[in-house]
Amino acid sequence: MTYLDHAATTPMLPVAVARYTEALGRVGNPSSLHTAGRRARKEVEEARETIAEAVGALPTEVVLATGGTEADNLALKGVFWARRAADPRRTGVVVSAVEHHAVLDAAEWLAEHEGATMHVLAVDAAGRVDPEELRALLAAHAGEIAVVSVMWANNEVGTVNDIRALADVAHSFDVPLHTDAVQAVGSLPVDFAASGADALSLTGHKLGGPVGVGALLLRRDASCVPLLHGGGQERDVRSGTLDVAGTVALAAAVRAAVDDAPRRTVELAALRDDLVARLVGEVPDATLNGVPLDAAPVGGGPARLPGNAHLSFPGCEGDSLLMLLDAHEIECSTGSACTAGVARPSHVLLAMGVDEAAARGSLRFSLGHSSTAADVDAAVAAIGPVVERARGALARS
Amino acid sequence: MRVLAAMSGGVDSAVAAARARDAGHDVVGVHLALSAKPATMREGARGCCSVEDSHDARRCADVLGLPFYVWDMAARFSADVVEPFVAEYAAGRTPNPCLRCNEKIKFSAVLDRALALGFDAVVTGHYARLTDGVLRRAADAGKDQSYVLGVLTAEQLAHAVFPLGDSHKSEVRAEAARRGLVVAEKPDSHDICFIPSGDTRGFLDERLEQAPGELVDAASGAVLGRHTGVAGFTVGQRHGLGLDRPAPDGRPRYVLGIEPVSRQVRVGPAEELDVRSVAAGRPVWHAPWGTVDDVVVQVRAHGGLAPARVTVSEGSLTAELHEPLRGVAPGQAVVVYDDDRVLGSATITATA
Ligand SMILES: Cc1ncc(COP(=O)(O)O)c(C=O)c1O
């Protein structure tokens, strides 16, 4: 099997598996006052400190949650509610056109059910938000916006945004900024304090930790109304018995991924560049979506996720490509949203101005910590005949 | 062979896929997404196009160990099945969308794509027998679906596999249970999959500019009432005419004819429905052209059988019925059988 879908989920790092399984054997609710509870609390707090340290946050800023989806929902809805409560004129929600559905659909829900006005920030042909666009939008709606959300790195095409610049713009209008950094943490240098963001989502399973654990980094001074009510475990912003084993494993994974990032980023980018060059060698009319591989750095790091290769293969259906590659034991993704497993043309590509046919004929190969040169070789060896066959299928239908 | 199993999420297509695999074929399961905005859950026993049905299909493929994908056929389905369905009703005819789906989607768009992707055939859970390119009625007379497959050409049939033709539905359900398929007890889908409410009239009203017209007595020309639009009426229809006055003789009245231009719907007594001659167009024919006698024609999916003498030439088919048939609606297919063998089919254009 050639697994080239790390952006969907990546294998757990051995260190995280070890910490996870070890911790699963111990009892203790971190809210209990007895010895077992205190030990569990200690483990969680140490893990929180580890996470905080690795991503440039304070331990109190780490609000543990079940993953990216919950963190995104909490940030969008919670910050919206808090800001609107403080100033009823602030009913606007600004999101970029290429956000993950966890952000987009949360914003749409606020518009449909909470009287919010949703503003969608356009992106350029590479999928990036221009801070000047944000400035223009906020200037046009001064005093009306409750929260802005722009992702750190896009999950489909890998494009990185300049979060520092966007946060500065948002703050100049006294608007908090949330960033979905699910794809960024562990792949790019992410420093919460330096980024200026008020809230940041991260999740374990994209960086070598378990599925079902993640965090919203929330600045100490950011106010946020809870989504889940109960014991108030996490700063009264999030309730639910803490997942000790998951948190411990998340911390181990974040620590390892962040420490290893400088080396792995270079390695992955080299593998990815080789993959793209050779795929285009096999299929000369294939085009790379997103920023060029040699684009200038953004915010002191790569302009594109190092493991991301997203290409359009003219004359093909992504569905057909995926199925044929699967038959060759190569696992990748069309990168687009699925409803009942139905591939729709990606809203990300459409927002970038890619036409619908090209959007449908796209594949995302995403490399990660377990990727090797042999994976690249396998994909390159398969792509020519697969594209030819897929072209035949589209031509006939 | 490498075969593609079209899996609706129902029991029949799941067992068909399982049997194809047991027969030694290399099977890949595909669920056809026919609606651009599928409902999350199935409504009652109707339809096969909800997300829940897609999940059921996936679970069956998992249990059978088959690779499984969802193919988006929504645009093709809309253009080739739903839009013509609406247009046919608007023209006063009565379409059969299941037949169109077989003709244009399952054994055309899907088959073509499958062949291009390296498959040899498409497997479905239809109840019909197919041997050496000859299509026959299913062993289970109550479930026989040869009527909605009669439209398939020899070329299409050459790439079709129907593993359920020799089985009874009860056997198929028992086999599904034995194989651990969760859909073993799932109710049969009936009606039209894209009208899960079963309200065809409402569906048409939403999509057509319906204009009111008159219900007239076919014999006297007397206006008996008014209707809100011709689309949705079917020749032979008795219920839902909205006639509050009974016929003078107290007997029920039926739709005899639909005139979309004048928007008149002609009604009359049952015996006026008797048809002795059927003209049809676009024939698909599996026997030498010319005349065949002592064959049986079927003019709708359930019932509507009569012995006949049938003449087929390029572009048209006529059937002289040896016994009259009632409720023969233009737009439906006439399928011609020699005993249980399908000789061919055509689309009914006129009756006399
Ligand atoms: C950018 C982005 N945000 C949010 C999510 C959702 O995260 P999770 O799977 O942890 O809920 C994902 C992953 O699917 C993602 O790629």
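Every condition in (1) among the polar types (S, T, N, Q); (2) under 23 Å from A:HIS229 (Cβ atoms); (3) surrounded by fewer than 17 Cβ atoms within 10 Å (Cβ to Cβ) is met by A:THR66 except one, and the failing one is (3). Per this entry, A:ARG38 is not counted among residues that are away from the ligand (no atom under 16 Å from the Cβ), in a helix (DSSP H, G or I) and crowded, with 23+ Cβ neighbours inside 10 Å.
Note on region B:77-112: residues that are under 15 Å from B:SER35 (Cα atoms), charged (D, E, K, R) and away from chain A (no Cβ under 14 Å) total 1. Taking the criterion of being within 14 Å of chain A (Cβ to nearest Cβ) and in contact with a strand residue (DSSP E or B) (Cβ under 8 Å, 6 or more places away or on another chain), the residues of region B:64-76 that qualify are B:LEU66, B:PRO67, B:PHE68, B:TYR69, B:VAL70, B:TRP71, B:ASP72, B:MET73, B:ALA74. Do the conditions hold for B:ALA287, that is, is it outside the structural domain of B:ARG93 (by TED's automatic domain parsing), of a type in the set (Gly, Ala, Ser), surrounded by fewer than 19 Cβ atoms within 10 Å (Cβ to Cβ) and touching a Pro at 6+ places or on another chain (Cβ under 9 Å)? For B:ALA287, the condition - outside the structural domain of B:ARG93 (by TED's automatic domain parsing), of a type in the set (Gly, Ala, Ser), surrounded by fewer than 19 Cβ atoms within 10 Å (Cβ to Cβ) and touching a Pro at 6+ places or on another chain (Cβ under 9 Å) - is not met. When restricted to residues that are within 16 Å of the ligand (Cβ to nearest atom) and in a helix (DSSP H, G or I), region A:132-165 contains 1.
Can you name the residue in region A:81-97 that is part of a helix (DSSP H, G or I) and of a type in the set (D, E, K, R) and, of all such residues, is nearest to the ligand (Cβ to nearest atom)?
A:ARG83
Residue pairs whose Cβ atoms lie under 7 Å apart, sitting 6 or more positions apart in sequence or on different chains, and linking a residue in region A:47-74 that is within 14 Å of another protein chain (Cβ to nearest Cβ) and part of a helix (DSSP H, G or I) to a partner that is among the acidic types (Asp, Glu) and within 16 Å of the ligand (Cβ to nearest atom), do not occur here. Any residue in region A:233-252 that is in a helix (DSSP H, G or I), buried (at least 21 other Cβ atoms within 10 Å of the Cβ), within 16 Å of the ligand (Cβ to nearest atom) and within 16 Å of the chain's Cα centre (by Cα)? Looking for residues that are in a helix (DSSP H, G or I), buried (at least 21 other Cβ atoms within 10 Å of the Cβ), within 16 Å of the ligand (Cβ to nearest atom) and within 16 Å of the chain's Cα centre (by Cα), one finds at least one in region A:233-252, hence yes. Among the residues of region A:170-194, the ones that are away from the ligand (no atom under 16 Å from the Cβ) and under 20 Å from A:ALA251 (Cβ atoms) come to 4 in all.
Scanning region A:341-388 for residues that are within 15 Å of A:ILE330 (Cβ to Cβ), crowded, with 18+ Cβ neighbours inside 10 Å and either touching a strand residue (DSSP E or B) at 6+ places or on another chain (Cβ under 7 Å) or within 14 Å of another protein chain (Cβ to nearest Cβ) (or both) yields A:LEU363, A:ARG364, A:PHE365, A:SER366, A:ASP375, A:ALA378, A:ALA379, A:ALA382, A:VAL386, A:VAL387.
Applying the criterion of being away from the ligand (no atom under 16 Å from the Cβ) and surrounded by 15 or more Cβ atoms within 10 Å (Cβ to Cβ) to the residues of region A:98-116, the residue that is nearest to A:PRO88 (Cα to Cα) is A:ALA116. Considered as a group, the residues in region A:1-23 that are among the small types (Gly, Ala, Ser) and either under 28 Å from A:HIS100 (Cα atoms) or crowded, with 23+ Cβ neighbours inside 10 Å (or both) include one that is farthest from the ligand (Cβ to nearest atom), and that residue is A:ALA16.
From A:LEU202, A:LEU227, which residue is touching a strand residue (DSSP E or B) at 6+ places or on another chain (Cβ under 8 Å), part of a loop (DSSP other than H, G, I, E, B) and within 16 Å of the ligand (Cβ to nearest atom)?
Details: A:LEU202 fails: part of a loop (DSSP other than H, G, I, E, B).
Testing whether each residue is touching a strand residue (DSSP E or B) at 6+ places or on another chain (Cβ under 8 Å), part of a loop (DSSP other than H, G, I, E, B) and within 16 Å of the ligand (Cβ to nearest atom) leaves just A:LEU227.
The values are calculated or read from the model by the stated rules, or taken from the named source; none is laboratory data. Since the structure is predicted, the reported quantities are computational estimates derived from the model, not experimental observations. Note: ideal-geometry Cβ built from the backbone for every residue, glycine included; neighbour counts use all protein chains shown.
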